[in-house]
1. Taking the C-alpha atoms of the stretch 1-129, how large are the radius of gyration and the largest Cα-Cα span, Dmax, in Å?
2. Antiparallel versus total DSSP beta bridges in the chain: what percent is that, nearest 5?
3. Using the heavy atoms of the protein chains and a 1.4 angstrom probe, tell me the accessible area per residue for the chain in square angstrom.
4. What translational diffusion coefficient, in µm²/s and rounded to a whole number, does the Stokes-Einstein relation yield for the stretch 409-480 at 25 °C and a viscosity of 0.890 mPa s, taking the hydrodynamic radius as the Kirkwood radius over Cα pairs?
5. Any idea how far apart Val886 and Lys365 come out in nm if each label point goes 7 Å out from Cα toward Cβ?
6. Counting C-alpha atoms alone, how compact is the stretch 458-579: give Rg to one decimal and Dmax as a whole number, in angstrom.
7. Does a label point 7 Å from the Cα of His480, set along Cα-to-beta-carbon, have any residues of the stretch 297-318 with amide nitrogen under 12 Å, and which are they?
8. Would you give the gap between the C-alpha center of the stretch 813-859 and the C-alpha center of the stretch 323-347, rounded to a whole Å?
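The values are calculated or read from the model by the stated rules, or taken from the named source; none is laboratory data. Fair warning: this is a prediction, and the values are worked out from it, not measured in the lab. FYI the Cβ positions are ideal-geometry reconstructions off the backbone, even for glycines, and counts take in every protein chain you see. SASA here: full protein model, heavy atoms, side chains in, ligands and nucleic acids out. Shrake-Rupley method; radii C 1.70, N 1.55, O 1.52, S 1.80 Å.
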Amino acid sequence: MAVGKEEVEEIVKARTDKREYRRIVLPNSLEVLLISDPDTDKCAASMDVSVGAFSDPDGLEGLAHFLEHMLFYASEKYPLEDSYSKYIAEHGGRTNAYTSSEHTNYHFDINVDAFEEALDRFAQFFIKPLMSADATMREIKAVDSENQKNLLSDGWRMNQLQKHLSVADHPYHKFSTGNWDTLEVRPKAKGLDTRSELITFYEEYYSANVMHLVIYGKENLDKIQGLVEDKFKVIRNIDRNCLRFAGEPCTSEHLQILVRAVPIKEGHALRVAWPITPEIHHYKEGPCRYLSHLIGHEGEGSLYYILKTLGWATGLSAGEGDSTFDFSFFRVDIDLTDAGHEHMQDIVGLLFKYISLLQQSGICKWIFDELSAVCETKFHYQDKIQPISYVVSISANMQKYPPKDWLVRSSLPSNFSTDIIQMVLNKLSPNNVRIFWESKKFEGQTNMVEPWYGTAYSIEKITGPMIQEWIESSPNENLHLPAPNVFIPTDLSLKNDHEKAKYPVLLRKSPYSTLWHKPDTMFFTPKAYVKIVFTCPHASDSPEAEVLTNIFTQLLMDYLNEFAYYAQVAGLNYGISHTDSGFQVILAGYNHKLRILLETVVEKIASFEVKADRFSVIKEMVTKEYQNFKFRQPYEQAMYYCSLILQDHTWPWMEELDVLPHLKVEDLAKFVPMMLSRAFLECYTAGNLERNEAESMIQHIEDVLFKGSNPICQPLFPSQHLTNRVVKLEKGKSYFYPVEGLNPSDENSALIHYIQVHRDDFMLNVKLHLFALIAKQPAFHQLRSVEQLGYITALLQRNDCGIRGAQFIIQSTVKNPAHIDLRAEEFLKAFESKLYEMTNEEFKSNVNVLIDMKLEKHKNLREEAAFYWREISDGTLKFDRIESEV
């Protein structure tokens, strides 16, 4: 019997959440949260173990992460290698795990009827795993390949540099991923056996009393509880102490420093950090949330607004990062322009000016209350997400929060405390700041190298008086607090739209637009989704046109930013981006004030003018994006080239980059009216909107753009309505497209092996899907686990505008693409004979799994919209696709 449902305060859940929750503790002290959701199509589980990279033994960096990899292989009860992953893949599920500083988290989801056996297989990770010597050796290579993938990634590099500049014997200082050197070469040299170290680590740290399990099932709570007690009660409990890592990672020698570092990618950045008291100790007061809301604000008068107006920054974020129970940092990250890079001292000066504005203004109750109200609405009207994501987000936090706050965590700041906010604000001083300044301009000016990733850097001490000088000499700008937020929704009522439309309806069609509308019959939340796609033939008829359209959309976002930022804070998001045939506007969030934002966006399009100062900033930003293409992961580049070859009417990025330097303000000023002169709008609205509201929105847009004495847009000629086309590959022929990697320091190469199969057809679609379902796991097992070709190894189906195919994606440092291609071919041959051996029973079982996968309901408005929009944009319009394919 379980130690049971001891009475704890009730777990706080969202008002709209119909799921049931129960906390139990098993006799072995394993703490579990059970979730029952009768509506779910997937079950999921997540086990969080309170041990991570901070506990790696010295000289065995990456051991915790390596153990996470090894537990997937086999167990005493299920000794067949990779059979856990195989079982889950064959029953419509996914598996994954991650290792952080103090946690290792294992999770999976699966079709409902296979949950019980999957849980039994999962539980064996923590009961009797087998770590064979052979598998140990192979998996060290997988960890090394994972690390190789990260070596040229600025995110990983800068993160490690910040760790490197800390107390050497504090665990924060460690390298956590591991590689061939730390897990094989160095241990061997010391006479250590990695496998026996692995087993020792597992036995020392993996104990039921430091594990937290979340189970998401379809059955009622009693049934799920019985299942959990049965499967997990035998995990051993050695009453291990909860690990704490006391002491600050940064002493005075690691504070008041200015670090210049050389990144891989083009662009400059400033990262400012202060050690602070972790917010977890005051999560109801939310000091970091309050401060990050203000320091990271983008409305008029904010730090970012001023830096943007000066042409010095293109992005700013602020908030707590790298936090544990014992230490934490408050960070402000700023993306700089070339001009901003020349004004680093002014920018740091302005940041401290804004902090002193916060000191002088005092902690404002109205700002806290407004933030608290926004958070409350967000929590109570949160969208359902996939069960696997949901269980991970909870299990990873169970150790930190009392059970009643397991779902809420720090998302509902409700206690206004000037003292606590003031205490954290006081830490943001020149006396304990760390400034990391990244730019390729520092090449050749550094004198140190970070050992794990090879990042070149130098350090300079800075003092309080120096920063004081920067503050005094920085420009006098009108920094002020944000205004009250007019976008906060106050009407959260649901429309009594009695429509039961199962699929999108074509509400109206005119020479200017079509409007598809899908009333909400599923989610019943006060949110809406609006997508307007502008098809403009002139937007993509040359590399220049494509680049100019891109700059146009980014300028629109730039002009709207200080206004629309308030909407974003209040839970109403928008985006404007260029597409293959024009550009699109998307709005998603609370429906109450969505129309105001939409009308503002349309007004900005209609009255578009090129501002020279903003043009040069955006042009510089877009240029760097293109230049950085060559630093993307090789497999991402290979996928890009595959699409470039297949899709009609696309321009290579090299040609677009060649065009950029020559573009001037007048080019864009001439181009935009011409691009908009011929347009057609394809619109999709969904959610808490009535038909007449949707129609009137689109009517309004038509009135602004197409009507009047001198209209901005004219309708398209019939011949300008183009369909998306894909190059047809001839049967029986193979095509090779070798491209040289453009980053000489990247050791990785990649292969896309694409097989074009057929044009959209229900019967062929399901056969292909069935093949992908059955072959996915064996391909991963053979090509990654056994042959160790590379960490990134996948077999997926592919859909280009309704043309279906399958593809292998493999990235490797050990073998060249030609060799990998042969291995993929070889796998398909071997797999073919496996298909012939398949029994009728196995076949039927696979078919049923696929049916369950296809019948999985959409979790939220965005998922539903993405599904229906694909039908509209591909021109297939098979809204009943699921039913037909089933």
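1. Rg then Dmax for the stretch 1-129, in Å: 16.5, 50.
2. The answer is about 85 percent antiparallel.
3. On the way: 37480 Å² over 886 residues.
It amounts to 42 Å² per residue over the chain.
4. 148
5. Those two pseudo-labels are separated by 5.5 nm.
6. In order Rg, Dmax, the Cα atoms of the stretch 458-579 give 23.2, 68 Å.
7. Of the residues in the stretch 297-318, 300-302 have backbone N under 12 Å from the label point off His480.
8. Using only Cα atoms to place each centre, the spacing works out to 47 Å.
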